[in-house]
Amino acid sequence: MQSLTLLANRSVADGLHELSFNKPTDWSFQAGQFARLGMAFSEEEPIFRAYSVASAPESDTLRFLVKNVTGGQLSPRLCALRPGDRISLDGPADGNLLASRVPGGHTLWLMATGSGLAPFLAMLESADTLREWSEIVTVIGCRTREEAEGLRRLTLDRSSRPVTLLTATTRETSALTGRLPDLLQSGELERAAGKTLNADTSRLLLCGNPGFTQSVRTLLKARGMVSPRFGKPGQILVEALW
Ligand SMILES: Cc1cc2nc3c(=O)[nH]c(=O)nc-3n(C[C@H](O)[C@H](O)[C@H](O)COP(=O)(O)OP(=O)(O)OC[C@H]3O[C@@H](n4cnc5c(N)ncnc54)[C@H](O)[C@@H]3O)c2cc1C
Ligand SMILES: NC(=O)c1ccc[n+]([C@@H]2O[C@H](COP(=O)([O-])OP(=O)(O)OC[C@H]3O[C@@H](n4cnc5c(N)ncnc54)[C@H](OP(=O)(O)O)[C@@H]3O)[C@@H](O)[C@H]2O)c1
């Protein structure tokens, strides 16, 4: 078990925080992996949850993008942390949302809802992780325009290379309005990106709401795009946040 000290707590949008910590020198990870963060409260067992690292592996800072889940046990407490506060980091980094597992194609699509953007921020900031792909399309689904704008700015600030960036909103209208699976099914998403998603040229990483990841996975299966399994290659990797 290690201890992390909060360096900064920045509001990206209402209920969405970017937390920056010192990075222990003996703790490493690959872009796309998650850490187990925890806090102990008086007379309670410490509570741990998984959080994808949102900073590049080569950065000295360990950043996370945390959604304040209303009524949640840990996330409201993480979002209320102040500089100097300490939390626990349990064990090594873990997770298989690694772009290297879906080689090939020339366009990599990174599709997220809400804080599911976190692992993609780590990949976009990293100088090496996405080198194989000549084009990167990032798609972010949010409830509100405020969150879409906050995540759009964060993505552009962090990316170390050019990226085609689309945001969609579900509870307010915007240039792209609707849930991502619906926008994919109607063709609106690909029209907005100016690119098609297909097994030959595209690879896709998904992270966020489990209903979203499941629906997109089902839609793309019909196009012959599947996850790698039992040594067989694939085009899609999925991480659901709950
Ligand atoms: C591999 C992995 C990586 C993760 N990475 C992140 C991350 O980078 N950022 C992050 O904020 N969360 C992330 N999570 C979710 C995180 O582990 C917690 O589940 C979340 O913070 C809620 O914890 P809690 O104790 O506050 O709520 P709990 O009391 O445990 O309530 C859980 C409920 O909160 C909702 N919920 C959980 N996570 C989210 C979320 N991210 N956005 C919206 N609603 C949610 C769901 O309805 C879920 O059933 C990740 C989960 C996994 C499995
Ligand atoms: N001030 C605060 O503390 C604050 C502020 C904002 C939010 N919150 C909390 O944050 C949590 C919600 O976080 P979130 O909005 O990032 O998560 P979310 O509810 O998973 O929604 C993220 C996006 O995914 C979409 N979505 C949901 N289910 C889907 C499905 N089955 N298929 C496809 N798309 C789907 C949503 O569309 P829909 O809109 O259609 O569901 C939304 O656009 C709640 O606990 C909320 O109370 C807190």
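The values are calculated or read from the model by the stated rules, or taken from the named source; none is laboratory data. Treat the numbers as computed from the prediction; the structure is a model and nothing was measured. As a convention, Cβ positions derive from the backbone with ideal geometry for all residues, glycine included, and neighbour counts pool all protein chains shown.
Just one of the listed residues (Glu18, Glu43) is acidic (Asp, Glu) and surrounded by fewer than 19 Cβ atoms within 10 Å (Cβ to Cβ), and it is Glu43.
The set of residues in region 51-73 that are free of Cβ contacts under 8 Å to residues at least 60 places away in the same chain and in a loop (DSSP other than H, G, I, E, B) comprises Asp60, Asn68, Val69, Thr70, Gly71, Gly72, Gln73. Residues in region 36-50 that are near ligand 1 (Cβ under 9 Å from one of its atoms) and out of contact with any Lys or Arg (no Cβ under 8 Å at 6 or more places or on another chain): Ile47 only. Within region 143-164, residues that are at negative phi reach partners that are assigned to a loop (DSSP other than H, G, I, E, B) and at pLDDT below 95 with beta carbons closer than 6 Å, at six or more positions or on different chains, in the pairs Ser160/Ala127.
I'd like to check something: does region 220-232 contain any residue that is within 16 Å of ligand 1 (Cβ to nearest atom), in contact (Cβ under 8 Å) with a residue 40 or more places away in the chain and of a type in the set (S, T, N, Q)?
Applying the first criterion (within 16 Å of ligand 1 (Cβ to nearest atom)) to region 220-232 yields 227.
With the extra rule that they be in contact (Cβ under 8 Å) with a residue 40 or more places away in the chain, the set shrinks to none.
No, region 220-232 contains no residue that is within 16 Å of ligand 1 (Cβ to nearest atom), in contact (Cβ under 8 Å) with a residue 40 or more places away in the chain and of a type in the set (S, T, N, Q).
The combined condition, being within 20 Å of Gly116 (Cβ to Cβ), more than 11 Å from ligand 2 (Cβ to nearest atom) and among the charged types (D, E, K, R), is fulfilled by Arg203. Between Thr173, Thr155, the distinction of being assigned to a loop (DSSP other than H, G, I, E, B), farther than 17 Å from Val238 by Cα and of a type in the set (Ser, Thr, Tyr) belongs to Thr173 only. Could we say that Leu197 is part of a loop (DSSP other than H, G, I, E, B) and surrounded by 18 or more Cβ atoms within 10 Å (Cβ to Cβ) here? It is true that Leu197 is part of a loop (DSSP other than H, G, I, E, B) and surrounded by 18 or more Cβ atoms within 10 Å (Cβ to Cβ).
Only strands (runs of 3 or more DSSP E) whose full extent lies in region 74-150 are considered here, and the ones with at least 3 residues that are at pLDDT 95 or above and away from ligand 1 (no atom under 15 Å from the Cβ) are 107-113, 135-142.
Please pick out the residue among Glu43, Glu125 that is away from ligand 2 (no atom under 14 Å from the Cβ), on the phi > 0 side of the Ramachandran plot and over 10 Å from the mean Cα position of the chain (by Cα).
Details: Glu125 fails: on the phi > 0 side of the Ramachandran plot.
So the residue among Glu43, Glu125 that is away from ligand 2 (no atom under 14 Å from the Cβ), on the phi > 0 side of the Ramachandran plot and over 10 Å from the mean Cα position of the chain (by Cα) is Glu43.
Given the structure, is Leu154 surrounded by 15 or more Cβ atoms within 10 Å (Cβ to Cβ), within 16 Å of ligand 2 (Cβ to nearest atom) and under 14 Å from Met111 (Cα atoms)? Reasoning before the result, please.
Numbers: surrounded by 15 or more Cβ atoms within 10 Å (Cβ to Cβ): yes; within 16 Å of ligand 2 (Cβ to nearest atom): yes; under 14 Å from Met111 (Cα atoms): no.
Spelling it out, it is not the case that Leu154 is surrounded by 15 or more Cβ atoms within 10 Å (Cβ to Cβ), within 16 Å of ligand 2 (Cβ to nearest atom) and under 14 Å from Met111 (Cα atoms).
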